[in-house]
Amino acid sequence: MKVLAIGVGGSKLMMSIVDEGGQLLEKVTLPLIAEGTKHLILTTIKQGAEQLDISGIDAIGIAIPGLADVENGMWVMASLTGISDFPIAEEVNKIFNVPVYIENDVNACALAEKRFGSCKDINDYFWMTVSTGIGGSLVLNGELYRGHSGHAGEIGHFIIEERDGYPCGCGNIGCLDAHAAVPAIVRYYETFSGNKLDDRTKQLGELARAGDRNASAAFEKAGYYIGKALAYSVNIINPEAVVFGGGVMENDDLIMPTIKQVFNKYSLEQANKDLKIIKTGLGYNAPLLGAATVAIIGVEKRERNNQ
């Protein structure tokens with residue numbers, strides 16, 4: 001089996017041909033603007049496909065930020081991009097004429113972690129991405145938990161700062177997403193130092209490791225908010241593990257100590273003393289492996305139904 005995996009991010013679109021063993025056979029990354037339109041998304045997918053050998057693919061999997069109506073292939077809403085009510089599965093199917101399956105990007109990563117990553121033998125875990133935005137996903141009893149309307153795990157929209165909260169793309173004030181994702185970390189550094197910085201945590205990580213206290217403090221401030229929100233989540237669901245992914249976790253040595261310290265302060269120790277807090281085993285390609293997993297599961301389900 002071969003599938004075309006598409007990971008839609010806040011600043012880039014990643015595409016890869018992936019086999020059923022999780023091997024990325026080909027890969028391309030194209031830039032996206034944060035406020036990308038539906039037309040731009042489709043055009044970029046076409047451009048990426050022209051650089052890959054898509055002959056013989058069995059299906060397409062798309063991992064999208066925000067809310068997804070999986071059954072109907074609808075991209076419901078993304079606070080980061082402003083996209084809403086986008087029948088992306090139908091539109092992509094028109095281009096390639098193969099089955100298309102979609103999933104929220106964090107849910108997709110959580111599914112891939114079970115199939116290809118660090119949770120093959122773990123049945124209860126919380127997957128959390130910290131990147132241009134923040135999201136969460138629950139796997140309980142070995143199955144993705146979607147919730148009543150299919151949108152469980154939205155830790156990025158915990159209100160964690162009311163007094164001096166920043167506006168979030170969802171319309172609320174003080175969300176975790178607005179206080180601990182990449183734009184917030186960059187904003188903290190600029191406020192602390194008075195210097196302007198590109199919207200990149202890689203540069204901040206280099207500054208922090210070189211001894212820039214303002215850069216270190218920016219990671220620590222974001223880590224405080226993440227640790228607090230994570231403690232509240234874990235107190236409710238009591239998972240065996242929390243798995244972190246996303247670009248910010250490339251600087252896990254700078255942010256994770258604060259996350260764990262704050263988590264330990266606010267979580268119920270007696271109930272969660274065996275909790276594992278780990279980094280994804282999927283690495284930088286987690287979104288692609290997530291999209292591939294969604295497509296592979298879709299093909300497997302279709303084959304079972306046809307038997």
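None of the figures in this text is laboratory data; all of them are computed from the coordinates on show. The structure displayed is predicted, hence computed values, not measured ones. When we count neighbours, we look across all protein chains shown, and the Cβ atoms used for this are built from the backbone with ideal geometry, even at glycine.
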Exercise. For the range 72-186, what is the Kirkwood estimate of the hydrodynamic radius, computed as the reciprocal of the mean inverse distance between distinct Cα atoms, to one decimal in Å?
Worked result: 15.6 Å
Exercise. What does the highest-first list of 239-247, 287-295 look like by mean Cβ count within 10 Å?
Worked result: 287-295, 239-247
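Which helices pass in the chain if a helix is a full DSSP H run, must span at least 15 angstrom along its long axis by Cα, and must have mean Kyte-Doolittle hydropathy not below 0.5?
On the way: long enough: 38-49 (17 Å, 0.18); 105-116 (16 Å, -0.02); 182-193 (17 Å, 0.32); 213-237 (35 Å, 0.24); 252-266 (21 Å, -0.25); 286-306 (30 Å, 0.10).
For the chain, where a helix must reach 15 Å along its axis and average at least 0.5, there are no hits.
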Exercise. Picking from GLY174, GLY156, GLY194, which is most flexible by a Gaussian network model of the chain using Cα springs under 10 Å?
Worked result: GLY194
Problem set entry | Relative contact order %, the range 118-280, counting alpha carbon pairs below 8 Å whose residues are six or more apart | 24 percent
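I need the fraction of alpha carbon pairs in the range 191-255 separated by more than 14 Å, rounded to a whole percent.
Details: 1303 of 2080 pairs.
The share of Cα pairs beyond 14 Å in the range 191-255 comes to 63 percent.
Just the C-alpha atoms of the chain: what Rg/Rh do they give, with Rh taken as the Kirkwood radius?
My calculation puts Rg/Rh at 0.96.
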For this session: Normalising by the residue count of the chain, find the relative contact order in percent from Cα pairs under 8 Å and 6+ residues apart.
Result: 20 percent
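May I ask for the Rg/Rh ratio of the range 1-48, computed from Cα atoms with Rh as the Kirkwood radius, given to two decimals?
Values: Rg = 11.5 Å, Rh = 11.2 Å.
So for the range 1-48, dividing Rg by the Kirkwood Rh gives 1.02.
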Exercise. Which cross-chain or sequence-distant (5 or more) residues have an amide H under 5 Å from the amide H of GLU161, H modelled 1.01 Å from N in plane?
Worked result: none
Exercise. Considering only DSSP states other than H, G, I, E and B, which GluC sites (Glu not before Pro) in the range 1-57 qualify as loop sites with at most 16 other Cβ atoms within 10 Å?
Worked result: GLU20, GLU35, GLU50
For this session: Would you kindly work out the equivalent ellipsoid of the range 118-280 from its C-alpha gyration tensor and give its semi-axes, the square roots of five times the eigenvalues, largest first in whole Å?
Result: 27, 17, 14
Exercise. Pick from PHE116, PHE158, PHE192: which residue has the top mean-square fluctuation in a GNM of the chain where Cα pairs under 10 Å get a spring?
Worked result: PHE192
Problem set entry | Gap separating the Cα centres of the range 207-276 and the range 1-17, nearest whole Å | 28 Å
For this session: Scan the range 83-187 for trypsin sites (Lys or Arg not before Pro) in coil per DSSP, keeping those whose Cβ has at most 12 other Cβ atoms within 10 Å, and list them by number.
Result: LYS120, ARG163
Seminar exercise, completed: Bridge orientation stat for the range 118-280 from DSSP, antiparallel percent rounded to 5, came to 55 percent
Seminar exercise, completed: Which of ALA215, ALA112, ALA63 fluctuates most in a GNM of the chain (C-alpha springs under 10 Å)? That residue is ALA215
For this session: Take the alpha-carbon centre of the range 143-202, take the same for the range 285-307, and report the distance between them in whole Å.
Result: 30 Å
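Write out the GluC sites (Glu not before Pro) in the range 112-175 meeting two conditions: DSSP loop, and at most 11 other Cβ atoms within 10 Å of their Cβ. Show your work: numbers first, answer last.
Values: sites: GLU113, GLU143, GLU154, GLU161, GLU162; in loops: GLU154, GLU161, GLU162.
Answer in residue order: GLU162.
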Seminar exercise, completed: Between VAL242 and residues 5 or more places away or on another chain, the pairs with built amide H atoms under 5 Å apart involve PHE126, LYS276, ILE277, ILE278
